[in-house]
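See structure below.
All of the numbers you see were taken from the coordinates with simple rules; none came from a lab. If you're wondering where the values come from, they're calculated on a predicted model, not measured in any experiment. Cβ atoms come from the backbone with ideal geometry, glycine included; neighbour counts cover every protein chain shown.
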Ligand SMILES: *Cc1c(COP(=O)(O)O)cnc(C)c1O
């Protein structure tokens, strides 16, 4: 990471200025850095953005209202926001080889909402509304909306189920995506736990969705997007790929050919803060055909764009276009594989029997633990993970029977394949030493557990020495 030493003084000055106004915020900001530095962060959706990316967010570009698009704003004086948005979009198009990039979404969920509305606007001919002279959703009266809400109820979305690794916004019922659309989901093969393209195809033939969503948050394997596109084409569906988790692996040219969603999908959405290592935010990439509809994201479903964050996206995308980012992306995958092997060598069971992306889904049942107990025990020992459902999880989405582990963050600190074997040993030590505490009436408990202090001590000490050889923001003396 670039010259952190030079930025130390600036950060000190900033933090004392913040502290003069609200000391608790300055203190929490310092404490967060200390926590990030001293824990083994294996949350698959998190990363460490570079100091230039972080610094870019802290400026007056935040103060400007700029609803609309580059060159077409609802406010005067947006020339500098135009510049940062255009630069971010240009980098995104070049980085991903996309025809069109919309960098305004504030998060991944927002990007999905923009995409859903754009696809509806583009495809839903509304014959019931033709008598009003209305062709699409961009052109509706109040009464039309009422009719259209009913009309949207007939639109269908097919996405990966939550417990197979899909995301809430891929049609999960309590999410707005499960309310806007009639939804159905595809799972994974009960034996191999792998995506079964024939099953996706037969679900698509039967259900005939408007939108086929591919992409995941907790599936430890690559997806063949060429096959997904064939399925979409066969049933006349729009293929939308949500690459929130793995966009860094696409940018870093680890996922190419059939595994690169950009040439195959009609619309692609992503976060910018996960494996892509940018600021917290979202983005939509699309073929030119969808550009005008995607551009209506703000103010259709988004509030005013965050100029400071779009600027930070531009900086992050510029970083991701450097050759070092490709080295980083392949190290992320090598590290995940090493973590998986290290765990399996020590007797762990992994969903799908391994990984070929940036994440590992550990089945906690052979330690006799729920995901929740495993997550909490690991946290006691300074290892930060999140519990996650496994396919057909017997413990449901709250307690779960899995822990998700990802390598993007530790790889940003410089962790190597042999470090990951050490990390696997620590995880195995903690989980093997943890036992589920029964409830008062003798039933197997799902939340409480016992873990000896000396194991916690040993793991913490070993983790600390490992972390000290791979410092976060080396040179930044805060
Ligand atoms: C993380 C994630 C999102 C949501 O991103 P936010 O920035 O938290 O809104 C959407 N889709 C997928 C597949 C994700 O993994």
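Oblate is the label for segment 173-237, because a/c, from the alpha-carbon gyration tensor with a ≥ b ≥ c as root eigenvalues, is 1.5 or above and a/b does not exceed b/c. Just so you know, the averaged projected area of the alpha carbon convex hull for the chain sits at 24.9 nm². By the equivalent-ellipsoid construction on the alpha carbon gyration tensor, segment 351-415 comes out with semi-axes of 21, 15, 9 Å, ordered largest to smallest. Projection of the Cα convex hull of segment 200-287, averaged over all directions and equal to a quarter of that hull's surface, yields 5.5 nm².
Over the residues of the chain, the helix contribution to mean residue ellipticity at 222 nm works out to -14000 deg cm²/dmol, using -39500 (n - 2.57) for each DSSP H run of at least 4.
Put in line by how crowded their Cβ is, counting other Cβ atoms within 10 Å and starting with the fewest, 160, 300 read 300, 160. Ranked from largest, the principal axis spans of the Cα set of segment 55-119 equal 31, 25, 23 Å. Seen through its C-alpha gyration tensor, with square-root eigenvalues sorted a ≥ b ≥ c, segment 308-376 comes out oblate because a/c lies at 1.5 or above while a/b is not bigger than b/c. Normalising the average separation of contacting C-alpha pairs (under 8 angstrom, six or more residues apart) by the number of residues puts the relative contact order of segment 162-273 at 22 percent. Packing around the peptides 69-76, 242-249, taken as the average count of other Cβ atoms within 10 Å per residue, puts them in this order, highest first: 242-249, 69-76.
Could you check what % of the DSSP bridge pairs in the chain are antiparallel, to the nearest 5? The antiparallel fraction comes to roughly 55 percent. Evaluated at q = 0.11, 0.18 Å⁻¹, a Debye calculation over the C-alpha positions of segment 245-388 (equal weights, vacuum) places log10 I(q)/I(0) at -0.57, -1.13.
Projected label points at residue 16 and residue 454, each 7 Å from Cα along the beta carbon direction, are separated by 4.8 nanometres. The share of Cα pairs per 10 Å bin across segment 255-331, counted from zero up to the longest distance, runs 16, 42, 35, 7 percent.
For the pair residue 194 and residue 478, label points projected 7 Å from Cα toward Cβ lie 4.5 nm apart. Once C-alpha pairs closer than 8 Å and six or more residues apart are averaged by separation and normalised to the residue number of segment 1-96, the relative contact order reads 18 percent.
Taking the DSSP bridge list for segment 237-348 and keeping only pairs wholly inside it, about 60 percent are antiparallel. Here 207, 325 are placed in order of increasing Cβ neighbour count within 10 Å, fewest first, which gives 207, 325.
Annotation for segment 84-102 versus segment 169-196: alpha-carbon center distance of 30 Å.
Using the number of other C-beta atoms within 10 angstrom as an exposure proxy, rank 227, 274, 313 with the fewest first.
Working: 227 17, 274 26, 313 32.
Ranking 227, 274, 313 by Cβ neighbours within 10 Å, fewest first, gives 227, 274, 313.
In segment 331-478, the convex hull through the Cα atoms has an average projected area of 9.4 nm², a quarter of its surface area. Rg then Dmax, both in Å and based on the Cα atoms of segment 23-82: 17.1, 47. Put simply, segment 393-467 fits an ellipsoid with semi-axes of 29, 17, 8 Å; these come from the alpha carbon gyration tensor as the roots of five times its eigenvalues, largest first. For the chain, the relative contact order works out to 21 percent when only alpha carbon pairs closer than 8 Å and six or more residues apart are counted.
If a/c stays under 1.5 just call it rounded; otherwise compare a/b with b/c (prolate if a/b is bigger, oblate if not). Do that for segment 163-315, with a ≥ b ≥ c from the square roots of the Cα gyration tensor eigenvalues. List each step's numbers first, then the result.
Numbers: a/c = 1.68, a/b = 1.39, b/c = 1.21.
In terms of gyration-tensor shape, prolate.
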